[in-house]
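Heads up: the structure comes next, in C-alpha cells.
Each reported figure results from applying straightforward, stated rules to the coordinates on display, with no laboratory input. Quantities reported herein were computed from a predicted structural model and do not represent experimental measurements. In this analysis, Cβ positions are derived from the backbone assuming ideal geometry, glycine residues included, and neighbour counts consider all displayed protein chains.
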Amino acid sequence: MSSPALYESSISSLGAALRSRQLTSVELTSAALERVRRYDSDISAFITVTAERAMADARAADAAFDSGIDRGPLQGIPYGLKDIFATAGVATTCNSRLRVDHVPRKDAAIESALRAGGAVLLGKLNTHEFALGGPSYDLPFPPARNPWNYAHFTGGSSSGCGAAVAAGFLRLAFGSDTGGSIRSPAGHCGVVGLKPTYGRVSRRGAFPLSYSLDHCGMLSSSVEDAALALGVVAGYDCCDPSSADVPVPDFCADIGRDLHGLRIGYARKFFATLEGLSGEVLGTLDSAAQTLASLGATVEDIALPDFSQFKACARIIMLAEAYAIHEADLQTRPKDFGRYTFQRIAGAAALTAADLLQAMRLRRVLTVDFNTRVLDRYHAVITATNLTPAPPLAVFPEQWPPPGPAMGALTAPFNVTGNPVLNVPAGFSAARLPIGMQIVGRLFDETQLFRIGHAYEKAASFSTMRPSLDRCA
Amino acid sequence: MTTPIQNPLSEREFLALMQLRGIRVPASYESGTLSVFHEMVAMAASVRVPLDAEIEPASQFDASIMLRGR
C-alpha cells in the first residue's frame, strides 16, 4: 500500500493489509506521524504526540501478527485520545493550567480496551479546557483549527479529535460528549461522530465535566470505522456507576442492509425556526431526508418536545455537576481557569438544590416522552447537528457568551435523554465548510444507526471528501 | 409553575453572593460570569414541572444500585 492511500483506506481494508502482511503497522504509524509532523503546526490537533510509544505499539502489533496473534479489528491501527482520558505515564492536561503537569498512573477504561486490542496510541488530542471552556487563547495550548479552513472553528470540545480525523492524521479518535462535544466537531469538520447510548461505554478515567450527562465515544473517517471501534470499547464496567450491564452485539451486523421497512422521523420543526439557523443547513437536511427516502426508508416530519425545555434542563444539570467537580479550585485558584471556563461554571455557585432536582425531574419527563411517544413509532430521528457551518475563530470574544446561535443547541437534548446519536457528513456550505446530520436512535440500538448511517454515507459520498491541507496552509 | 425571576441580581449583589460561596471573581472575568449567571437563573426558573408528590417517587437514588450490590 502506498502512503497516500493509508489514511484514505478504511480500518477494515487496513486490517486486511496488516493481516496479509502487505502492510506493517510500523509503516502505517510512520506515515501517520510524518503527516502530523508536516501539517499539525498549522492545525494544533495534538497536545502531545506520543511518537516513541506509537512506534513501540506498532512494533508490538506487527510482532503479534507475525506470531499469529489477533487481538481484534484495531490491532496495529493508530488512534488518538482527547486529552481528558487518563494515560498511564503520559501527561493528561485537560488543556488546563490546573492539570498541565498531571501524569496519571492508571489508564482510562477506553485506553485499557484499546491497548488490549493492540491499537497504536499516536497521541493526546486538543480539547477545550476541561471539555468546556473554549476556544480560547488563555489556555496552555492554542485552539485546534478546522482543516477545511484554518481560520475557522473546529467545533468542540473534542476539537482535536475532529481536526485530526478531518486532516487524515488518524481514522479514529476518542472523545467525550456532554452537550455535543463529539457531534459538534464531527459536524463542523466533516467526519463521522458517535455518541453511544448512556451506559454503553465506560467513562472511568475520563475527567468528568458532568456526571450524568457525560458520554464517551469516537470520531472516525467512516461509519464502518466507528462501528468497529465501538465493538472494542463497549461493555460493562463495574467501576463506572453509569455503566450498563447489557450485551455487546456485532455493531457491523446490519451494515450494508438497505433501509426498506425503516421509519425515520425528520425533526425539522425542532430546529427550522431557531434563531440563527443557516439556510444552508436547513437545505442540506431537507436534501438528506429525501436521500434517506430514496433509499427505501419512510421519512415523516415529526414534532419533538419544546426545544427550550431540553436546553434549560441540560444547562442546569451540567452547571450544577461541573460546579461540584470544580468548586475547590474555583475558590482557591480562580485565575488558573481560562476565562471562558470560569465564566461558564462559576455562576452555578448560586444554583439551589431545588433547581437541580427540578431539572432532573424534567429530564425524566423528557426522556420518557421522547423514547415512548417518538421512538416507539420511529426507528430513528434525524435533525441537524449544528445550526450553522463552522464560524470563524475570530468571532469568539473575550467574554462569554459569543454572538450567534448557542453551541450545542441541537445536540444537548440527546445528552438529556441518553439516546445514541450518529453524526454523518451531509453536505457543504457555499464557503466549502462541512454540514452534518444527526441520526438519533433507540436506546442501545447503535446497530440500527450504523445501518442507516452507512447507507446514507454510500449514497451521499460526503464522508470520502477530505480537505487539501497544502492548499489550506 | 414558579414565576420566573424578573429582576436578577445586580453585578454588585452577584459578586457578594459569590463571595458568600467562597468565590472571588477575578475582575477581568466579571462581565462574562454575570451574563452567564443571568441566563442560568432564567433557565432554572423554567425547568419547573407540575409535581404530584403523592404519586411521583422521583428519586434519583436508583434501585439498580441495590441490585448491583447483591
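Expressed to the nearest 5 percent, the antiparallel share of DSSP beta bridges inside the protein assembly as shown is 70 percent. Each stretch of four or more DSSP H residues adds -39500 (n - 2.57); spread over every residue of chain A, this sum gives -11500 deg cm²/dmol at 222 nm. Packing order of peptides A:18-25, A:379-386, A:91-98, highest average first: A:379-386, A:91-98, A:18-25 (average count of other Cβ atoms within 10 Å over each peptide's residues). Ordering A:Met437, A:Met55, B:Met18 from the fewest to the most neighbouring beta carbons within 10 Å gives A:Met55, B:Met18, A:Met437. Ranked by the mean number of other Cβ atoms within 10 Å of their residues, highest first, the peptides A:284-291, A:196-203 come out as A:196-203, A:284-291. Can you give the relative contact order of the range A:148-247 as a percent, counting alpha carbon pairs under 8 Å and 6+ residues apart? It comes to 28 percent, rounded to a whole number. Once backbone amide H atoms are built at 1.01 Å from N, A:Ile47 has A:Lys124, A:Leu125, A:Asn126 as its partners under 5 Å, excluding neighbours fewer than 5 places away on the same chain. Let's test the formula: R0 of 22 Å, r as the Cβ-Cβ distance of A:Ser468 and A:His102. What FRET efficiency results, to the nearest 0.05? My answer for the efficiency is 0.05. For the range A:336-395, the list of trypsin sites (Lys or Arg not before Pro) that fall in a loop by DSSP and count at most 15 other C-beta atoms within 10 angstrom reads A:Arg377. Taking a ≥ b ≥ c as the square roots of the eigenvalues of the Cα gyration tensor, the range A:358-428 is classed as oblate, since a/c reaches at least 1.5 and a/b does not exceed b/c.
Fully extending the segment from A:Val246 to A:Ala88, taken as 0.36 nm per residue of separation minus the present Cα-Cα distance, adds 54.1 nm. The charge dipole of the protein assembly as shown, taken about its Cα centre with unit charges on the Cβ atoms of Lys, Arg (+1), Asp and Glu (-1) only, comes to about 360 debye.
Scanning chain A for DSSP H helices at least 27 Å long along the axis (C-alpha atoms) with a Kyte-Doolittle mean no lower than -0.5 picks out A:307-332. Lysine pair count for chain A with Cα-Cα distance under 28 Å and sequence separation of 8 or more or different chains is 14. With q set to 0.10, 0.19, 0.21 Å⁻¹, the log10 of I(q)/I(0) for the range A:1-141, from the Debye formula over equal scatterers at the Cα positions, is -0.35, -1.09, -1.24. Label separation (A:Asp138 vs A:Asp70): 5.4 nm, computed from points 7 Å beyond Cα along the C-beta direction. Neighbour counting of Cβ atoms within 10 Å sorts the residues A:His260, A:His102, fewest neighbours leading, into A:His260, A:His102. Tell me the net charge near A:Val201. Cut-off is 11 Å between Cβ atoms, A:Val201 excluded, with +1 for each Lys or Arg and -1 for each Asp or Glu. Its environment carries a net charge of -1. Working note: Cα atoms of the protein assembly as shown, range along each principal axis, descending, whole Å: 69, 58, 53.
Separation between the A:Arg19 and A:Asp336 pseudo-spin-labels, each 7 Å from Cα along Cα→Cβ, expressed in nm? Distance between the two pseudo-spin positions: 4.8 nm. The mean count of C-beta atoms from other chains within 10 Å of the C-beta of residues in A:326-334, rounded to a whole number, is 3.
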